[in-house]
Amino acid sequence: MISEIEKKIIRVMNRNARKSFREIAKEAGLSATAVMHAVKKMENAGVIKGYVPVLDPEYCGYPLNAVIAIRISQGKLLETQQKISEDPRVTAVFDVTGEWDSLIVGHFAGREDLNAFIKKLLSIRQVDRTVTHIVLNVVKDEKRVLL
């Protein structure tokens, strides 16, 4: 379970993870040493998995977002999901309950790019069927875990 100290640190880092340990400590009301040890502990435990810039896909040439539901057969669910996840346009692969086996979220350069991706998906022998949803507007797409 996450401690109160870790929560304070993560709240500050969620606003700006580029702050120094000293700046985080000041905002969280802790010592810089306590912050450094807690952050290193969370990194080593895999709680903090890394630090990345949160980019605007449209600015980077990927204005089209899509959510794709797929049905996978022949007992090859995890292998198929792993193969799909290797495509750099894919930002998330979810193993889900319900009518579909997996949901894929991706960013694409345009309709032609999405079309090529879907055709590539359907060429995988274990992929039986897909349903594609094009995202019209993004209301919320939060990458952080807010505490």
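Just so it is clear, none of the values below were taken in a lab; they were calculated from the coordinates. As the structure is a prediction and not an experimental result, all values here were calculated from the model. Note that each Cβ is placed from the backbone with ideal geometry, even for glycine, and that neighbours are counted across all protein chains shown.
What to note about this one:
- Label-point separation, E142 to E4 (7 Å along Cα→Cβ), nm: 2.3 nm
- Relative to one another, the C-alpha centroids of the range 1-57 and the range 103-138 are positioned 36 Å apart.
- Only Lys, Arg, Asp and Glu carry charge here, each on its Cβ (+1 for the first two, -1 for the last two); on that basis the chain has a dipole of about 460 debye about its Cα centre.
- Counting every other Cβ atom within 10 Å of each residue's Cβ, F21, F117 order from fewest to most as F21, F117.
- Extending 7 Å from Cα along the Cβ direction at R22 and again at K49 yields two label points whose distance is 3.3 nm.
- Ranking of E79, E27, E112 by neighbouring Cβ atoms within 10 Å, starting from the fewest: E112, E79, E27.
- Ranked V35, V139, criterion: other C-beta atoms within 10 Å, fewest first: V139, V35
- Ratio of the Cα radius of gyration of the range 4-45 to 2.2 N^0.38 Å, where N counts its residues: 0.97
- In the frame of its principal axes, the range 1-137 has Cα extents of 55, 35, 22 Å, reported largest first.
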